[in-house]
Structures are given as structure tokens and as C-alpha cells.
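The next block holds one structure in the form of C-alpha cells; read it before the comments.
The values are calculated or read from the model by the stated rules, or taken from the named source; none is laboratory data. Just so it is clear, the model here is predicted, and its values are computed rather than measured. With ideal geometry, Cβ positions are generated from the backbone for all residues, glycine too; neighbour counts draw on all protein chains shown. These area figures cover heavy atoms from the full protein model, side chains too; ligands, DNA and RNA do not enter into them. Shrake-Rupley method; radii C 1.70, N 1.55, O 1.52, S 1.80 Å.
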Amino acid sequence: MASISQEFSGDVLVIGAGMAGLRIIYELRKQGFSAHGIEAGSDVGGTWYWNSYPGARTDTEAWGYAFFFDEALASEWSWSERYPSQPQMREYLEYVATRFDLRKSFQFNQFVSSARFDDTDNKWVVETDKGNRFSATYLVTACGVLSSPVMPDIVGLQRFKGQAIHSARWPKEKVNFAGKRVAIIGSGATGVQLLPVVSQVAEHVSMFQRTPNYVIPARNNPLVEYDRENLRGRFATMQEQIRNHVFASTFDPNPRSFLDLDEEERDKVLEAKWEWGGFQFVFETFNDFFSNPECNAALAGFIRKKIRTIVNDPKTAEILCPDYPLFSKRPPLGHGYYEAFNRANVSLVDISKNGIEEITADGIRVAGVEHPFDIIIFATGFDAGTGALTDIDIIGTGGVSLRDKWADGPVSYLGICVDQFPNMFMIAGPQGPLSVIPPAIEAECVWIGQVLDKARSQGSDRIEVRPAAAREWKAAVDNSAVGTLLENASSVRSWYMGANVEGKAHVMQFYVGGFKDFADRLEGAVASGFSDLEFSVAHKDRQLDTVKQSAG
Ligand code: NAP
């Protein structure tokens, strides 16, 4: 490795240049802190930089998956579809970076390998795989919720002579599917997006499905200027909707309980929302789908009925039908997913019982039968929540390692602070809210800015959460799942519980008490003067090194 060179020393270091990294740099500059970011990719974008596989697009409507910190930004940007494609999401984030001159605060093409809190100097010291060293009083991790790819440990993987690709490390050069036999391993949100697109070009696509998912139709459509004008006029309303919604969506709270209606009326509601498409099918049908098993079963049964109607081959349809509570795994949105199984060049390989036996030089062997392939796509997911953080050697006060501390599952305060890790703040970290991610990012960035501002205004330069407050938050996270259908999430290998990763502790990784409640708690912490945090002065003779910069 090259000799370590010192690259930055200032107030705040930020890891990641995705939505969270961009948003926190903006916030910190606005507050007058010097901040510097480090990013593994060659440009901004995060999730939308790495996940460039065919068919990738948001599962949230464009207007609910965008920044809200600047109304002018919202009105000058033009979304072209209800669900933006990955290229458009990336373009949007590049535009934001340019518009607010954020790129100059980042260094790209280097992966942060370690971050160590230096008790003596009261500084975080970060090192990258390029041999660069950065230090700052504060560290903000903006590494993503779903950004550490999981490659399954399947026998023979290295032997495969064709092209093997993980969906989240999609090659920059075009992958040519024409005339190719393609395997997709994994039927989560990623595999569900890949199949209908790849099968339009490839000679044949085989979907290897271990657990079926409840795929809700997205019903994408182009947006015209009239739609955009309408959205511009709804900026404040949408902000309000997001703030008060359980999943941080641009939907109004749903007052309708399953128990309010008879069977015929319930069916009409379900049919209408199925036709509308999107997560409205879950959040705008009945407000008790999460807690009332009968309600959840009705939604699940409705989807199974649709699968059997859409998919021509009854045997294939049955294999595609899930039988666990809806939402105990994150349901994907589909763009012609079930319809793709009616194509002559698509087949479903059921690996629920025996799994994949091995990968051979020429393909995949299942139950003694070898299926030949030219390309294998691993749509096998992520080490969600903790993965991006435990990939880094993060060492807190007294030499404690974050990996060790979280061996039995994450413990944090509001998903943002960790005791024994002073001056470190996580954006979209584990134990944050289970919701649409960008609104959670924005709320957390504002909150972190407020904490740092308080420290500066009172001359503190060391902030640490009280261990009791972190323990209380862990209990709140655990309790938030009690009595809901998420209690089942571990048995279906849901990433909500870390259950999709071998050897990982199966604990609830996200707060499921609702985004509104989470946002209330953030505000409550501000109102209390951040009473759960301990502010102190590590260096009495030291003034915080602040650089006044405007965010514009
Ligand atoms: P995922 O939901 O974790 O799905 C991974 C898939 O790979 C599952 O079907 C899993 O089967 C399968 N799998 C894993 N290891 C396997 C093995 N050894 N053999 C066979 N199958 C194996 O991952 P994802 O689809 O990448 O999605 C993760 C999350 O990212 C989503 O839930 C969503 O939140 C987000 N995402 C969002 C979008 C969007 O908004 N547009 C798009 C993509 C992803 P089992 O279920 O049996 O474990």
C-alpha cells in the first residue's frame, strides 16, 4: 500500500456520496461547518450509481423519492415517469451535486477501510484503500441501508466459465443479452425488475426462486407537463403528507379499517388499489394490514388470486404464490413480472426445497439436473442495515469495535448515535425507521445539523449518547414489531431482521413504529435540548474549526 497521506482535517468527515452524503454536506455547509466526503464510486449517486442493472427504477413515485430541502430544486426538475429509472435517478443526483456545488467536497474512487476515534485528539481518523488518511472532529456515515451486496456461498461459483454478475455491481460496459441463456438467482425487488426487461432480449431466462414474493403492479406511466405542474403546486402538501405518514409516503393517513366493510366492499377497495398500482395497494386499502392477521390474509389471498389469473400455466402460478404474511418480506413492485412467465423464453426453477446444488463450468445444477447458462445474475440482495458499517473497521473509544459491539444485533439511539462511539452519526443506519428512505435521510440530516449546532454554540466538541438512551431505543425498536406480522419476518429470511445473511443475528433491524412517530421523536429530542446526549469539552482551549460557507 502507498504511504499514508493526510488529505483533510476539519469539522466533519462524511462517508458516502449517495442521497445521504449529498444531503448532509449541504446541511453542514449551510450550518457553516467544514465537511469533506469520501466515496468508493467514481461519482455521486450511491444506490443509483451502483445498481445500474436493466430495469432498475424506484418503487416509490418520483415526487416522494426526491429532496424537499429546496422548493426551487423541486420546481425546476422534471420527472419523466411515475417511477424514475435508474439513469434518471442518477441524473437527478448529479444535477443536485452540480446545482449546489457539492462535488468539490468529495474525493471519489476510494473505499473507507477504517475509521478510528482518537481519544487523545478527540478526532475521527479515517483511512481508505488508496492509502489516504482524513481526520475530523465528527464522523457521519452515509453508507446506505442496502449497499453491501451479498454473494451466496454456492459450491463451484468460481468454476463458471460464463459471465457472473451481482446486480449491485453491474458492469459499466453494456451486457449483451441477445442470443444468451440467462439465469437470475433471486426473486426479490431486484430480480423482479430484471426479469421482464432481460427476457425481451435474451434467448432464454430462468428465474431461480427460493421464496416467492407478493409482487404488486407498479403501473408506471409517463408524466406530462400537466402532471409536473400539479406536483409543483403540491410541494407543501406532499411535505406534510410525508411527515405524517407511517411509511413516509405522499399519501394521506388511511382511516379505513378492514373491520369497517363487508366482503364485497373490501373486494372493491382491493380491486381499485390493485388497478391504481404501487404501495397504495398496501397503505391505502386497510390500515390494519400490519396488525390484523385476517386483514393481511385477505390482501395476500387477493394477490394469489391475481397471480393465478395472470399466469397461464397453473403449475408455474402455484410456485409463484407466497404463503406467508404480506410485508414480512418487503414486497416488490412489478412491471409485467407475472406476465413475463407467459413468454415462451422464460421459465421458473423452483429451488425452495433443495436449493442450488452447485454451479458448474457451464451452468447451475439443481436436483441433479444441470441447466446451461451464458450469464448468471445474482440478484441475491444485501447485508442490510449494518452491513455497510461493519464492512468498515470502525473503532470507538477505548478500542471498542463496532462489529463486536453489534455481534448480537445493532444497538443505537434513534438509528443515529452509538454509545462508545462519540462524535459519530449515522444516516439511514440500522434501527432507523422502516420507511421510504429519502425522507428519513432528510429528517436525520437536519437533526444531526441541529446537534452539531448546539455543540458549537455551547463550546462543546464531544457528543456521546447516554447508554441508557440507546438501550431504551433498542427496546422501542424490538417492541415496535411485537403484535405485528413482522414477528414472522425472520422465518422468511427477511432483511428486516438480518435473516437473509448467514451467521447474522436475527433481530429487528428497523423501527416499525412508523415514520411519523420517528419524526415526532426526533423533534422531541430537539425540544428536550437533546437530553439523551452528553455534550462535553474535550479540548477546553480549542475552538471548533468552522468555515462559513453558504450552501447555495
Ligand atoms: P432481496 O429482497 O434480499 O432478495 C434476494 C433474493 O435472492 C431472494 O429471493 C433470496 O431468496 C434470493 N437468494 C439469496 N441467496 C440465495 C441462494 N443462496 N440461493 C438462492 N436464492 C438466494 O434482495 P433485492 O431483491 O436486491 O432487494 C433488497 C431490497 O433492496 C428490497 O427489498 C428493496 O428494499 C431494495 N430494492 C429496491 C428497489 C426499488 O425500490 N426499486 C429495487 C431493488 C431493491 P430467499 O427470499 O429465499 O432468501
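Here Ser147 clears all of (1) out of contact with any helix residue (DSSP H, G or I) (no Cβ under 7 Å at 6 or more places or on another chain); (2) within 16 Å of the ligand (Cβ to nearest atom) except the condition numbered (1).
Filtering the stretch 460-500 to residues that are away from the ligand (no atom under 16 Å from the Cβ) and in a loop (DSSP other than H, G, I, E, B) leaves Ser460, Asp461, Arg466, Val482, Gly483, Thr484. Any residue at all in the stretch 249-259 that is of a type outside the set (Lys, Arg) and within 16 Å of the ligand (Cβ to nearest atom)? Yes: the stretch 249-259 contains one or more residues that are of a type outside the set (Lys, Arg) and within 16 Å of the ligand (Cβ to nearest atom). Taken over the stretch 250-270, the residue count meeting the criterion of being surrounded by 13 or more Cβ atoms within 10 Å (Cβ to Cβ) and either outside any loop (DSSP other than H, G, I, E, B) or touching a Gly at 6+ places or on another chain (Cβ under 6 Å) (or both) is 7.
Within the group Ala183, Ala168, which residue is crowded, with 23+ Cβ neighbours inside 10 Å, farther than 17 Å from Ser52 by Cα and of a type in the set (Gly, Ala, Ser)? So that I can check it myself, show each step before the final result.
Working: Ala168 fails: farther than 17 Å from Ser52 by Cα.
Within the list Ala183, Ala168, the selection yields Ala183.
A quick yes/no check of all residues on (1) within 25 Å of Tyr49 (Cα to Cα); (2) open to solvent by 30 Å² or more (accessible area, probe 1.4 Å); (3) among the β-branched types (Val, Ile, Thr):
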position	(1), (2), (3)
Gln158	no, yes, no
Ala178	yes, yes, no
Pro196	yes, no, no
Arg210	no, yes, no
Ala218	yes, no, no
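When Phe289, Phe281 are checked against the criterion of being part of a loop (DSSP other than H, G, I, E, B), farther than 26 Å from Val501 by Cα and either modelled with pLDDT under 95 or under 24 Å from the mean Cα position of the chain (by Cα) (or both), Phe289 stands alone in meeting it.
Of the helices (runs of 4 or more DSSP H) lying entirely inside the stretch 46-112, the ones with 1 or more residues being open to solvent by less than 10 Å² (accessible area, probe 1.4 Å), farther than 25 Å from Tyr226 by Cβ and within 16 Å of the ligand (Cβ to nearest atom) are found at 86-99. Scanning the stretch 357-379 for residues that are under 29 Å from the mean Cα position of the chain (by Cα) and surrounded by 22 or more Cβ atoms within 10 Å (Cβ to Cβ) turns up Ile376, Ile377, Phe378, Ala379. The sole residue among Gly524, Gly498, Gly513, Gly529 that is under 23 Å from Ala440 (Cα atoms) and either touching a Ser or Thr at 6+ places or on another chain (Cβ under 6 Å) or among the β-branched types (Val, Ile, Thr) (or both) is Gly513. Is it the case that Leu533 is open to solvent by less than 10 Å² (accessible area, probe 1.4 Å), touching a residue at least 40 places away in the same chain (Cβ under 8 Å) and more than 16 Å from the ligand (Cβ to nearest atom)? Yes.
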